[in-house]
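Worksheet: one structure, shown below.
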Amino acid sequence: MSSPPSTSAMWPWKIPRRSSVTRRRARRSIASRNAGSSSSRYDSTGCSPGEWSRSGAPRTSRKRSLAGGSAGGGMAGLEHAAPPAVKAHGGSSAPDREVSRGGEIGLGFGRDGRAGPVTELPRRPDRMRGSERPSVTASTPTCTFRLSGLELGLDEPESALRQRACARLGLELGELRGFRMAKKSLDARRRRGGMRYVCSVDLVLGDGRRTSGFKRALRSGRLSAAPVVGSFEVEVPPERRGRRVVVVGSGPAGIFAALVLARNGARVTVIDRGARLEQRGPRVVAFHRGRTPDPETNLLFGEGGAGTYSDGKLYSRVDDALEVPILEELVACGAPASLPYDARAHIGTDRLHRILPELRARLVALGTEFLWETRLEALVTLAGPPRVVRAVRTTHGELPCDDVVLATGHSARDTWARLAEQGVVFEAKPFQLGVRIEHPQELVTRGRFGHGDEAALLGPAAYNLVCRAGSGEPGAFSFCMCPGGKIVASVNEAGLLCTNGMSNSTHSSPWANAAIVTTFGPDDYAAYGAGPFAGVAFQRSLERAFFEAGGGDYTAPAQRVPDFLAGRESAGSLATSYTFGARPGRIDLLLPERGRRALARALVRFDDMLAGFAGPEGLLVGVEARSSGPVRMTRDRVTRTAAGFENLYPVGEGAGYAGGIMSAAVDGARSAQVLLTTDSRVCDSGVRPRGGLD
Ligand SMILES: Cc1cc2nc3c(=O)[nH]c(=O)nc-3n(C[C@H](O)[C@H](O)[C@H](O)COP(=O)(O)OP(=O)(O)OC[C@H]3O[C@@H](n4cnc5c(N)ncnc54)[C@H](O)[C@@H]3O)c2cc1C
């Protein structure tokens, strides 16, 4: 496979992140400051008794079940009943591998009953080589627990957490049968001893003694049964096996739907209107050089969808047991191993370009066919109700199929219009809109980490700021923050301007950008029509106004924050990372009044949280009109099929069921499982979409 094109034409900075000498020096300095502090917190049995008193009410029922110590299978009692069709994580399709989720814990991660050396648990049982496979049975007396609230110094290795976990539970290291990082997040509050990581770990313990430290941790709620890890595999009923499925769109929703379908034996064809990665890069670069967008292959359309030129931030507001297998798949394709537990998981555009061809190769190996530069034109249906799609009409002819997964993303406005003509039901929905704000990265890092050694260790800082609605005023929040990043024009139509942000894995640019957005509901954009596409008309009118205000060549109108607040045009040249540069414009007048008020209020608040945020170094660039989609395709909650259709599955952001890479991937994968099983209970293992953006 030829290597993907270089993105250097779009990514001019070659600034090393930190020299290793600087990092080493900072580490030494912090180590000497921390000497004794972290270890002295723990006595030989764990921690000081008073440490847990503030942690809330004891969870007595959980304590009883867990402290009693149960075999892997016994832990099932702690969980909801397992959905009947879900298989063990990554297990084969043989019925004897089908286990309850409680059993999955015991089988998946248990070791034999003997105390042995501490074992890392990164490898799934189905990926283990013969000699590595644990010789366990369903009755093996092991349980997997999650211990949260463990602190780790910035300079400490993660392996230190094993001892720390044992110390907290009052266990010997030898009693630990398995260990895995579950979560690692930065606590950037500067307390005594400096910043810390706060971690959760999964521990496999024998069915043996339950120490006082163990019981104390249970009472405090810091120790609980480890959550279930989901699985792509499902038990496909005989009549649903080997179906021909066309997946429209190769973004995260489409690609993970395809993966689940292919892994479960479906015959999958993925079509995408845009080009494969090897051809996509040069066309994006051509747009940047010639300022004429290609309507089919651009920053939004083509292999990997909008996610390909994204920042690749993978934290999400969706809580689903499939997140871990999705992240593991990305790790297997070359993403960093810390992805599944890093609370600020980030891949970066450069690495995404290495991962996607690998993901494609895996799908091809499973028999998936890819048709690039092939646009869905229409559905070929049999009369209903419900209507049955028997083929899709594309720019390269008709493709017969048993099912269609529609994963078109949030910018396929022409396709939506065509589908609506064919009877697919759309609803208008609330969506977010605002501007990008850009600062020198140095200002953000200094504001968050100060000048100390921590800043040198942690690298470019990110932020996540929220200004809640109050006294009749709309709220606003920062979104898609790209430390060391670049503002890009995420455009697929001529004459419209829309911004977004990206960054490489090294966060190497000297700029930090984020969207500052507020939510507009159908009532707020009612002036643009009463139908489902009123939000699209609203987006378009703003994108056109910003395009024209920038001079009509993709230069963006921009305004310094103090000028935005004072209602005047900015003077002088405006430095920005934005691909096409910026010129002074009245963003305060271009935005709808509701948006202007929300942003003005939020910017003042954010300045209290991050010094200099609303100062002259803050530059607003716009417009950020596609942070989320303005429509939803109505679908059945149980079958996930489009209203009035038997075999049409709208998924992902374009269908209105996701707001970012991870939620789109989860929605695609879950919908594929429902398609295969016609049993929505496959989703019972924890989809709790909290709405809004990732
Ligand atoms: C610059 C940028 C940065 C971003 N950064 C992040 C981030 O850091 N983290 C995050 O979570 N999210 C980020 N996002 C958002 C994220 O990329 C999307 O939420 C996500 O890609 C949505 O996935 P999807 O599969 O639903 O749709 P998409 O990724 O949009 O994929 C849709 C695909 O469908 C294809 N298609 C459309 N119409 C047709 C048709 N008629 N026929 C055939 N194919 C068609 C398109 O070509 C496209 O490839 C970013 C977006 C952009 C633009």
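Rounded to the nearest 20, the Cβ-based charge dipole of the range 173-228 about its Cα centre (Lys and Arg +1, Asp and Glu -1) stands at 400 debye.
Once the cut-off is 21 Å, how many percent of the Cα-Cα pairs in the range 431-624 end up in the long-distance tail? Cα-Cα pairs in the range 431-624 separated by more than 21 Å: 49 percent.
Of all DSSP-defined beta bridges confined to the range 158-285, some 65% are antiparallel rather than parallel. Rounded to the nearest 0.05, the FRET efficiency derived from the C-beta distance between residue 366 and residue 343 at R0 = 25 Å is 0.20.
Residues of the range 498-528 with an amide N closer than 15 Å to a point placed 7 Å from the Cα of residue 286 along the Cα-to-Cβ direction: none.
Summing +1 for each Lys or Arg and -1 for each Asp or Glu, what net charge is found among the other residues whose Cβ lies under 11 Å from the Cβ of residue 418? Neighbour charge sum, excluding residue 418 itself: 0.
How far is the Cα center of the range 520-570 from the Cα center of the range 235-292, in Å? Between the Cα centre of the range 520-570 and that of the range 235-292, the gap is 32 Å.
Rounded to the nearest 0.05, the FRET efficiency derived from the C-beta distance between residue 189 and residue 160 at R0 = 22 Å is 0.60. The mean sequence distance of close C-alpha pairs (under 8 Å, at least 6 residues apart), as a share of the length of the range 431-624, puts its relative contact order at 29 percent. If a spin label sat at a point 7 angstrom from the Cα of residue 605 along the line to its beta carbon, the backbone N atoms of the range 466-497 nearer than 16 Å would be those of 466-479.
Counting only protein heavy atoms and a probe of 1.4 Å, the accessible surface of the range 435-480 is 48% carbon and sulfur. With a cut-off of 14 Å between beta carbons, the residues surrounding residue 584 carry a summed charge of +1, where Lys and Arg count +1 and Asp and Glu -1. One Cα centroid belongs to the range 457-499, the other to the range 326-371; the line between them spans 25 Å.
By accessible area, using a 1.4 Å probe on protein heavy atoms only, the range 523-672 has 49% of its surface on carbon and sulfur.
Of the residues 547, 574, 456, the one whose Cα sits farthest toward the positive end of the charge dipole of the range 431-624, with +1 on the Cβ of Lys and Arg and -1 on the Cβ of Asp and Glu, is 547.
Quickly work out the residue 418-to-residue 548 label distance, labels modelled 7 Å from Cα along the C-beta direction, and quote it in nm with one decimal. In this crude label model, residue 548 to residue 418 measures out at 2.9 nm.
The Cα trace of the range 528-642 gives Rg and Dmax of 17.1, 57 Å, the first to one decimal, the second as a whole number.
The values are calculated or read from the model by the stated rules, or taken from the named source; none is laboratory data. Just so we're clear, the structure is a prediction, and the values are computed from it rather than from any experiment. Note that we place each Cβ from the backbone using ideal geometry, even for glycine, and neighbour counts take in every protein chain shown. The protein model used for the area step is the full one, side chains on, heavy atoms only, and it has no ligands, DNA or RNA in it. Shrake-Rupley method; radii C 1.70, N 1.55, O 1.52, S 1.80 Å.
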